[in-house]
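> Here it is: the structure, laid out below.
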Amino acid sequence: MAELSPQAQAIWEAFNEDEAGVFVDYGDKLAAALRAAADQVVPEHANPVGDAHDDARHDQWMRIRYKLLAIAAELEGE
């Protein structure tokens, strides 16, 4: 597996915590779980709240979503 960013490494280590010394590549499954979480927590198309901060809020949501998806891609080796 390629060297991971600190964010992806933290997820990898948390997932493999109980399997010390045993290497199993669960990158695809971890990535799928992160994508599902991103879809639930910060969906690509969220309804606006209707206040003056909608655009800024949407931008922040998308930054969070893209960070989660970037970690997922990294765990898949993309």
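Just so it is clear, none of the values below were taken in a lab; they were calculated from the coordinates. This is a predicted model, so every value here is computed, not measured. For neighbour counting, all protein chains shown are included, and Cβ atoms are generated from backbone atoms with ideal geometry for every residue, glycine included.
> For Y66, Y26, which order do you get if you count the other beta carbons within 10 Å of each Cβ and list the fewest first? Walk me through the numbers before you get to the answer.
Working: Y66 12, Y26 15.
Placing the least packed residue first, the sequence is Y66, Y26.
> Turning to a different aspect of this structure: In the range 43-73, whose amide N lies under 20 Å from the spot 7 Å out along Cα-to-Cβ of Q9? List them in ranges.
Within reach of a label on Q9, which here means backbone N under 20 Å from a point 7 Å along Cα→Cβ, the range 43-73 contributes 67-73.
> Would you mind calculating the gained length between E44 and A56 on full extension (0.36 nm times residue separation, minus the Cα-Cα distance), in nm to one decimal?
Computed gain between E44 and A56 is 2.8 nm.
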